[in-house]
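Working notes, beginning with the structure itself.
The values are calculated or read from the model by the stated rules, or taken from the named source; none is laboratory data. Values in this document were obtained by computation on a predicted structure and should not be read as measured data. Glycine also receives a Cβ, built like all others from the backbone with ideal geometry; neighbour counts cover every protein chain displayed.
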Amino acid sequence: MDVSRFVIEASEAESMANQAGLSVKDLLSTLVGSSQKLARCPISNFSVAAVGLGSDGRIFLGVNLEFPGVPLHHSVHAEQFLITNLSLNLSPGLSAFAVSAAPCGHCRQFLQEVRNASKTQILITTDESPKFNPLSLLLPIPFGPYDLLDEETPLLPEPHDNRLKFLFIEDTTKPCNLSNGSCELYKKNRHLLKEEALKAANNSHAPYSGSPSGIALMDCEGRIYKGSYLESAAFNPSLGPVQTALISYVASGGGYGYERIVAAVLVEKEAAPVMQEDTAKLLLKVVSPKCHLQVFHCVSDSDSDSIKKQ
């Protein structure tokens, strides 16, 4: 699977649009149909694709992901994939997107975490007369970050810095339950895996619970995929770190089988209001039963200062 299917550079997008005699914005809807083939929806068999234009001119793809064996709320919607894809690729914002089916209420709410969400232009390709309309038309009386946060708080997909560090030097010699080859690979990369998970936690969007977390997955070839916990002001549409890491895995060319994921490190605050460890174990056990998960705890700079004073 080619990463270019999920990210199209601005210059290439402009060239494709010129060849088609379209603006880059109008090009989006022409890419939706082929993008639906990338969806992984073995439960519903209902493929959804969202193709968005980042404010930096790049085009980003998102598709729905479903995981048999776990509750349906673990599924990833195409719009969530799209926003996560922008965040993973450091795009500053989303200006418009085309989608193969009308966004559900869950996704209309999740999109509120994008700055100036009400102005985001959306085209639904299955409409009788498809055209771009602002999100405010789909969700006219919204509830979102502007009801709870100040203007300085970063939103999605803007970069975050939660100023986290490890709580203390923890033992990393936990017995490895992987086969010999994968175990050696994990031992070789576990410190890097741990640092990448901390980076993911630092980029976590968790302004409502104050419970940032991040995970790093490693496949059988030693490639690492990060995922950050992404909260919604309405709580339920929040996206866990394992889901966002699986988005990274799919978008970065991971094969269809998640069983290639052999190791994971989760970083989160100890005794935070929202904890990810048990959910991460549940989802990873289903998608990749042999995955070796290790959990480390972190603390923010302010929390660290408080601990020192005690």
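Assorted remarks:
- Scanning the stretch 200-219 finds no residues that are surrounded by fewer than 19 Cβ atoms within 10 Å (Cβ to Cβ) and out of contact with any Pro (no Cβ under 9 Å at 6 or more places or on another chain).
- Candidates 208, 225, 186 - the one that is under 16 Å from the mean Cα position of the chain (by Cα) and among the aromatic types (Phe, Trp, Tyr): 225
- Count of the stretch 1-42 residues which are touching a Pro at 6+ places or on another chain (Cβ under 8 Å) and assigned to a loop (DSSP other than H, G, I, E, B): 1
- Spans of strands (runs of 3 or more DSSP E) in the stretch 43-162 with at least 2 residues surrounded by 21 or more Cβ atoms within 10 Å (Cβ to Cβ): 49-54, 59-63, 94-99
- Pair list, Cβ < 7 Å and 6+ apart or interchain, from the stretch 104-120 residues that are touching a residue at least 24 places away in the same chain (Cβ under 8 Å) to residues that are surrounded by 21 or more Cβ atoms within 10 Å (Cβ to Cβ) and of a type in the set (Asp, Glu): 107/79; 110/79; 111/79
- Filtered by the rule that a residue be in contact (Cβ under 8 Å) with a residue 60 or more places away in the chain and within 20 Å of residue 253 (Cβ to Cβ), the stretch 5-34 gives 6, 7, 31.
- Test: residue 231 is charged (D, E, K, R) and more than 18 Å from residue 295 (Cα to Cα): yes
- Residues satisfying the stated conditions in the stretch 17-33, i.e. in contact with a helix residue (DSSP H, G or I) (Cβ under 8 Å, 6 or more places away or on another chain) and surrounded by 14 or more Cβ atoms within 10 Å (Cβ to Cβ): 17, 22, 24, 26, 27, 30
- Helices (runs of 4 or more DSSP H) fully within the stretch 234-310 counting 3 or more residues that are at pLDDT below 95 and not assigned by TED's automatic domain parsing to the domain that holds residue 81: 301-309
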